[in-house]
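Notes follow once the structure below has been shown.
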Amino acid sequence: MADDLITMDDLTNEQIEALLKDAEKLLPAAKGDVYLPLLEGKLLGNMFFEPSTRTRMSFETAMKRLGGNVVNLGALASSSVTKGETLFDTMKMVDGYCDVAVLRHPRQGAAQYAADACDIPILNGGDGAGHHPTQTLLDLFTIKQAHGKLNLNVVMVGDLRYGRTVHSLSHALSRFGANLTFIAPPALSMPDEIIEDLKASGANITVSEDLVSNLPSADVIYMTRIQKERFPDEDEYLKVAGIYKLSRKDLKDVKESMIIMHPLPRVDEIHPNVDNTPHAAYFDQAFNGVVARMALLCFLFGVDISKEVGK
Ligand code: CP
């Protein structure tokens with residue numbers, strides 16, 4: 001792997017497969033059943049310029065469960081960002097303080113910009129409507145745990161235009177032979193350049209606006225939130241808000257093994273009456289952020305999981 005993780009192109013398929021195997025070995029440590037201080041003495045900087053619950057907290061959990069430590073930029077209002085400090089200068093500080101940093105930023109390309117400014121590894125925790133590669137690692141892990149393979153029928157639903165999780169995940173899944181169905185209204189369709197890239201790499205892609213007719217053949221349904229904060233105009237958001245909603249009554253013809261995923265947070269895309277069906281995988285998925293990020297951090301710091309945890 002390159003020192004930085006900005007997009008999934010920074011990882012080879014072999015590296016992704018190795019990380020998924022390592023993540024499985026780290027499950028007991030992620031749950032706190034065993035203590036493995038593999039990252040003792042290492043310090044991670046959590047640099048979040050946009051809200052986050054899962055990415056920020058699971059990186060912190062991953063580091064601390066492995067004996068490492070974390071410093072947070074904290075609320076922007078109490079940082080020097082409010083005094084006008086630039087992203088470049090802020091990242092220069094964390095470059096001196098920490099051994100690795102996670103950056104979430106509203107601007108697409110910010111993670112690459114920070115990586116160019118820093119010597120320590122920069123992990124992209126989401127850059128605007130760009131990429132979210134560490135989310136993809138936990139998504140792939142969740143799919144592999146449920147189905148044992150990745151060459152499946154995966155249906156992605158909702159905000160495919162601004163959704164960085166689906167941008168990164170579609171790239172990765174296409175490399176492992178998945179069939180991808182993109183379901184969105186025209187205003188939120190997967191960007192043409194991403195579809196062209198995926199097709200050029202041999203991906204099998206179907207585009208539709210209809211969720212219901214695509215449910216029976218799905219192995220994975222990946223719901224996403226319509227991201228109000230990315231719309232330049234609130235009226236445009238209101239035209240598509242609430243367009244796709246999945247409820248228990250929609251699941252009568254789905255495959256028994258089908259899983260429903262969502263990067264979370266959800267608003268109204270998945271009714272709570274789905275939560276206690278065997279298809280609901282989104283809370284396990286969120287937990288998997290800890291093991292996936294543990295595996296990534298160990299890899300970055302050259303820790304051999306097989307040696308430490310056994311084959
Ligand atoms: N999935 C995800 O990125 O969640 P957060 O925005 O809470 O980090």
What ranking do 168-177, 152-161, 236-245, 182-191 get when scored by the average of other Cβ atoms within 10 Å per residue, highest first?
152-161, 168-177, 182-191, 236-245
Starting at 0 and stepping by 10 Å, how many percent of the alpha carbon pairs of the chain end up in each bin?
6, 28, 35, 24, 8, 0
Peptides 42-52, 251-261: what's the order by average Cβ count within 10 Å, highest mean first?
42-52, 251-261
Starting at the first residue of segment 263-278, write each ³J(HN,Hα) from the Karplus equation 6.51 cos²θ - 1.76 cosθ + 1.60 with θ = phi - 60°, in whole Hz, x for Gly and Pro.
x, 6, x, 9, 10, 9, 6, 10, 5, x, 6, 7, 4, 9, 8, x
In Å and on Cα atoms, what radius of gyration and Dmax does segment 1-126 show?
15.0, 44
Applied in sequence order to segment 171-177, the curve 6.51 cos²θ - 1.76 cosθ + 1.60 (Karplus, θ = phi - 60°) yields integer Hz couplings, x standing for Gly and Pro, of 4, 5, 5, 5, 6, 10, x
With a Förster radius of 30 Å, plug the Cβ-Cβ distance of residue 230 and residue 89 into 1/(1 + (r/R0)^6) and report the FRET value to the nearest 0.05.
0.70
Label-point separation, residue 277 to residue 24 (7 Å along Cα→Cβ), nm:
2.8
Length-normalised contact order of the chain in % [C-alpha pairs under 8 Å, at least 6 apart]:
19
How far is helix 87-97 tilted off the main Cα axis of the chain, in degrees rounded to 10, range 0 to 90?
50
The set of residues whose placed amide H lies less than 5 Å from the amide H of residue 123, leaving out same-chain residues fewer than 5 positions away, is 5, 101, 102, 103
Acute angle (nearest 10 degrees) that the helix 133-147 long axis makes with the longest principal axis of the chain, alpha-carbon atoms
60
Please list, in order along segment 29-36, the HN-Hα scalar couplings obtained from phi with the Karplus expression 6.51 cos²θ - 1.76 cosθ + 1.60 (θ = phi - 60°), rounded to whole Hz, x for Gly and Pro.
5, 5, 7, x, 6, 10, 10, 10
Please state the Cα pair-distance histogram of segment 133-285 with 10 angstrom bins from zero: what percent is in each bin?
11, 45, 36, 8, 0
Give the whole-number value, in cubic angstrom per residue, of the convex hull volume spanned by the C-alpha atoms of segment 229-311.
141
What full-extension length gain, to one decimal in nm, is calculated for residue 71 and residue 237 as 0.36 nm per residue of separation minus the Cα-Cα distance?
56.2 nm
Expressed as a whole number of Å, what is the distance separating the alpha-carbon centroids of segment 235-311 and segment 173-225?
17
So, in nm, how far is label residue 210 from label residue 108 when the simple model puts each one 7 Å beyond its Cα toward the Cβ?
3.0
Could you pull out every residue, at least 5 positions away or on a different chain, whose amide H is within less than 5 Å of the one on residue 227? Hs are placed 1.01 Å off N in the peptide plane, and Pro or chain starts have none.
none
Inter-label distance, nm, simple model (7 Å from Cα along the C-beta direction), residue 308/residue 78
3.1
Rounded to whole Å and sorted largest first, what semi-axes of the equivalent ellipsoid does the C-alpha gyration tensor of segment 1-51 yield via the square root of 5 times each eigenvalue?
22, 19, 11
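Quick note: the coordinates plus some simple rules give every number you see, no bench work behind them. Since we're looking at a predicted model, the values are computed, not measured. As a convention, Cβ positions derive from the backbone with ideal geometry for all residues, glycine included, and neighbour counts pool all protein chains shown.
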